[in-house]
Structures are given as C-alpha cells and as structure tokens.
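Trainee: Okay, here's the structure, questions in a sec.
The values are calculated or read from the model by the stated rules, or taken from the named source; none is laboratory data. Just so you know, these numbers come straight off a predicted model, no measurement behind them. A quick note on method: Cβ atoms are made from the backbone with ideal geometry, for glycine too, and the neighbour counts reach across all protein chains shown. We work out accessible area using only protein heavy atoms, side chains counted, and drop any ligands, DNA or RNA first. Shrake-Rupley method; radii C 1.70, N 1.55, O 1.52, S 1.80 Å.
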Amino acid sequence: MKKILGGLAAIGVALGMASGVALAQADHASVAEPTHFPILKPHQLDWSFDGPFGTYDKGQLQRGLKVYREVCSACHSMNLVAFRTLEHLGYSEEQVKVLAAEYTVTDGPNADGDMFERAAVPSDYFPSPFPNTQAAAASNGGAAPPDFSLLAKARVVERGFPTFVFDVFTQYAEGGPDYVYSLLTGYDHEPPEGMEIPEGTYYNPYFIAGKSLAMAPPLSDDVVTYDDGAPQTVDQYSRDVAAFMMWAAEPHLEDRKRTGFRVMIFLVIFAGLVYLTKRKVWHQLAH
C-alpha cells in the first residue's frame with residue numbers, strides 16, 4: 001500500500017512539474033509574442049482639461065503647436081484644423097495671418113483652368129506634407145502617417161472592468177492624450193527576450209496595433225526651443241503635443257463643459273420645483 005501511495009505521489013509531483021514547465025513556457029511565449037495590444041497600459045496623467053471643470057492651458061497648447069510645426073508636421077497632416085482657430089490659443093489675428101503665410105496651399109482653378117499655389121490665409125486649413133495618401137505611404141515604408149486632426153479622440157485604449165465604471169463618475173475622457181504621451185515616451189523600452197522585431201520597425205509596448213511600429217522616435221531632448229522656459233525634454237514635448245492634439249480634436253471642450261454644468265444646475269432646480277409643486281397641489285389628497 002505504501003508503495004502504491006508513494007508511486008501516486010511521485011506521479012503527482014511529476015505532473016505538477018510538467019504543468020509548471022508548460023505554464024512557464026506559455027508565459028514566456030506570450031511575453032515574446034503577445035496577442036493583445038498595447039502590451040502596457042498607457043500612463044494616466046493629470047491634465048489641466050480633465051474633470052468636469054477642466055480648461056485648456058493656452059501656454060501648453062502654444063508649445064504643443066510649436067512641437068507639431070517643427071517636428072510632427074513633416075509627416076502628419078492636420079487638414080481639419082483651420083489657421084483662424086489658433087486665435088483660441090491666445091494668438092492675435094495678425095499673428096495668425098503671419099503664421100498662415102508661412103505655408104503654401106494649392107488653389108484654383110484660375111481663369112485658365114489651372115491649379116496654382118499661393119500663401120495660406122487664416123481661412124485655410126493646415127496643408128498635408130504630401131500630395132496624396134499614396135505618396136505619404138511611399139515615403140514612410142508603406143504606412144501613411146495618420147492625420148492629427150482627430151487622433152486624440154480616435155486612439156483610445158479600452159480600460160476594462162471595473163475601471164470604466166469609475167470613469168463614469170470621474171468623467172475620465174483623456175484616454176487619447178494619455179495614449180499619445182505614452183507612445184511618444186515609450187521608445188526607450190527594450191523588447192523581451194525572444195521577441196522578434198521586424199526590420200525597419202521600432203519596439204514600443206504602448207502601440208495600440210502591434211508590438212512595433214514604423215515611426216522612428218520623433219522626439220529628443222532640445223529638438224524644439226521653448227521661449228517660456230519650459231523644460232526642453234522628451235517628456236515635456238510629449239505632454240505638450242498630446243494636449244495640443246486634444247484641443248485640435250475637441251476645440252470646444254470648455255464650452256461643452258460649461259454648458260453641461262449649467263444644464264445640471266437647471267435640472268436640479270427644476271426637479272426641486274416639480275417636487276414642491278406636487279406637494280402644494282396634492283398634499284390634501286389621501287394616498
């Protein structure tokens with residue numbers, strides 16, 4: 001009997017060790033070749049515009065515009081944002097005219113039926129650095145860089161249960177900027193052992209569509225000169241351009257929040273008046 005029990009125990013230990021090895025191999029395989037992205041959840045930052053009473057920091061938006069113009073605009077278009085809307089960032093009408101004139105746009109046809117190029121005016125939109133999508137893809141390894149206009153609202157990582165339940169009460173809506181910041185600062189991570197990165201791509205655990213992407217690290221320290229004394233670091237550049245992209249995607253965010261707050265106050269007062277009216281009209285009737 002003792003021999004039988006001892007044999008069963010040995011079999012159990014062997015099976016346990018085998019299952020442990022199998023699990024370890026599976027874990028290693030999942031780390032080396034993950035199937036769910038992003039590999040790491042984006043950082044959740046504190047933004048000036050978060051919460052029901054948040055507002056944009058115009059200084060930060062101006063810095064973000066500077067980062068976009070000097071770095072990002074070489075590849076990314078922003079064709080839904082008009083130059084005249086930059087007045088909301090604190091620029092004067094004359095400053096906007098000067099800024100717009102630095103760009104060239106295609107217009108026409110003229111009296112001869114030909115298209116022509118001219119300096120942009122405030123009513124124009126930020127032009128694309130490429131003539132068409134095919135040219136953009138050909139210049140970037142086959143993948144056309146996405147337009148920046150709505151990217152901060154389009155690139156949102158699902159937070160899962162129970163986090164999204166709390167988001168209802170905290171009014172969390174900054175998933176896009178959190179993702180953009182995390183992606184721009186995530187290039188310093190090293191891929192896990194055994195992970196194969198396709199040639200011509202760059203590992204980034206925050207990328208929403210895979211383990212690596214074709215875009216090379218776009219930012220480095222001191223690549224953009226700030227005039228207001230803000231730190232000229234990758235971290236600060238990433239925060240500023242992410243905030244600017246949020247503004248580009250939702251320029252009326254402050255108005256929306258103010259309107260929502262007024263509506264909530266009205267509903268609370270209206271509910272109180274309805275209750276008092278009910279008490280006044282029906283208080284003498286037996287229930």
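Trainee: Tell me, in nm to one decimal, what length is gained between residue 31 and residue 123 on full extension, where the rule is 0.36 nm per residue of separation less the Cα-Cα distance?
Mentor: Length gained, residue 31 through residue 123: 28.1 nm.
Trainee: Which values, in whole Å and largest first, are the semi-axes of the equivalent ellipsoid of the chain obtained as the square root of 5 times each eigenvalue of the Cα gyration tensor?
Mentor: After diagonalising the Cα gyration tensor, the semi-axes are 45, 38, 17 Å.
Trainee: Could you compute the FRET efficiency for residue 70 and residue 271, with r as their C-beta to C-beta distance and R0 at 45 Å, rounded to 0.05? Please list the in-between numbers first.
Mentor: Numbers: r = 52 Å, r/R0 = 1.15.
The pair residue 70/residue 271 has a calculated efficiency of 0.30.
Trainee: Need one number: the % of Cα-Cα pairs in region 152-268 sitting beyond the 23 Å mark.
Mentor: Here the long-distance tail beyond 23 Å is 47 percent of all Cα pairs in region 152-268.
Trainee: Still on this structure: Could you please state how large a percent of the accessible area of the chain is carbon and sulfur, counting protein chains only and using a 1.4 Å probe?
Mentor: Here it works out to 60 percent.
Trainee: Which pairs, out of 97/257; 66/211; 41/153; 66/97; 97/153, put more than 22 Å between their alpha-carbon atoms?
Mentor: With Cα atoms farther than 22 Å apart: 97/257; 66/211; 97/153.
Trainee: Right, next: Given all pairs of different Cα atoms, what value in angstroms does the Kirkwood hydrodynamic radius of region 96-219 take?
Mentor: Every distinct Cα pair counted, the radius reaches 18.1 Å.
Trainee: Estimate the FRET efficiency between residue 199 and residue 133 by the formula 1/(1 + (r/R0)^6), using the beta-carbon distance for r and 22 Å for R0, to the nearest 0.05.
Mentor: 0.40
Trainee: Rg to Rh for region 91-155: what is it, with Cα atoms only and Rh by Kirkwood?
Mentor: 1.06
Trainee: Let me ask another. Once Rh for region 149-188 is found with the Kirkwood sum over Cα pairs, what is the Stokes-Einstein diffusion coefficient at 10 °C and 1.306 mPa s, in µm²/s?
Mentor: 144 µm²/s
Trainee: Separate question: As an exercise, use a Förster radius of 25 Å and the Cβ-Cβ distance of residue 45 and residue 256 to find the FRET efficiency, rounded to the nearest 0.05.
Mentor: Working: r = 21 Å, r/R0 = 0.84.
Computed FRET efficiency for residue 45 and residue 256: 0.75.
Trainee: Also, I was wondering about something else. Starting from 0.36 nm per residue, how many nanometres of slack lie between residue 233 and residue 88 once their C-alpha separation is accounted for?
Mentor: On the way: separation 145, 0.36 × 145 = 52.20 nm, distance 2.58 nm.
That pair, residue 233 and residue 88, stretches by 49.6 nm at full extension.
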